[in-house]
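One structure is given here, and the rest of the page talks about it.
Bear in mind these aren't lab numbers, they're just calculated from the coordinates by the rules spelled out. Only a predicted model underlies this, so the values are computations on that prediction, with no experimental measurement involved. Note: ideal-geometry Cβ built from the backbone for every residue, glycine included; neighbour counts use all protein chains shown.
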């Protein structure tokens with residue numbers, strides 16, 4: 001085979017690969033868009049059923065607060081979660097959803113305080129410590145947030161111990177993800193660990209306003225099949241990843257302000 005024919009074959013092969021890759025990316029995008037549409041549709045239907053009344057039982061405020069959060073109406077989600085605590089003060093320490101909603105509403109100090117109270121309720125869950133770290137990064141800066149990381153003495157489920165090391169500056173995202181791929185795990189366990197790893201690596205980039213780095217990780221988390229068989233807590237965190245991804249994409253698509261050319 002002469003060099004010209006070889007070059008033609010290589011070029012055709014590259015075009016074929018690029019076409020397959022484009023098809024895969026299109027399918028993934030369609031799946032993501034479909035998941036977003038379904039989530040938003042269900043949330044809107046929930047709001048229509050419950051209505052705008054304030055005199056509701058605790059469970060209705062919980063469901064409506066979730067619906068508001070899934071629609072990125074964070075202040076309204078906080079209001080419903082606050083009403084839950086008014087109705088049931090025993091939720092004051094354990095209401096982690098309120099902490100996440102406060103974070104997205106921009107109330108970083110209040111959110112950090114919620115996660116601090118949760119630590120007195122559950123001193124094993126490092127996921128809670130990660131959210132407090134995020135809140136403190138936004139409120140006080142990374143140096144203080146890292147110095148003030150909550151202390152954990154008991155083991156937590158993987159990959160959270162390794163993720164916590166990421167926020168302490170001891171490992172890199174690449175090391176965490178490579179260790180999950182290299183571990184001897186069932187497909188289901190690997191999917192679960194990758195879901196949380198990609199989610200929190202992406203959220204960490206987002207909290208540091210590294211949006212371009214955040215988006216690919218969040219896309220992988222949202223498209224992870226673990227969401228299909230997860231329970232309420234993981235399902236809510238899937239929604240968090242979806243909402244954060246949507247916010248970043250909107251920000252990326254927003255028209256940029258023209259530079260000030262005044263002297």
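Please give the FRET efficiency for residue 142 paired with residue 34, using the beta carbon to beta carbon distance and R0 = 41 Å, rounded to the nearest 0.05. Taking R0 as 41 Å, the efficiency between residue 142 and residue 34 is 0.70. Classify region 93-155: rounded, prolate or oblate, from the alpha-carbon gyration tensor (a ≥ b ≥ c, eigenvalue square roots; a/c under 1.5 rounded; otherwise prolate if a/b is larger than b/c)? The shape class here is oblate. Counting neighbouring beta carbons within 10 Å and listing from fewest to most, the residues 237, 84 come out as 237, 84. Name the shape class, rounded, prolate or oblate, that the alpha-carbon gyration tensor gives for region 37-92, where a ≥ b ≥ c are the square roots of its eigenvalues, rounded holds for a/c under 1.5, and otherwise prolate holds if a/b is larger than b/c and oblate otherwise. Prolate, because a/c is 1.5 or more and a/b exceeds b/c.
Ordering of 202-213, 166-177 by packing is 202-213, 166-177, highest average first (other Cβ atoms within 10 Å, averaged per residue).
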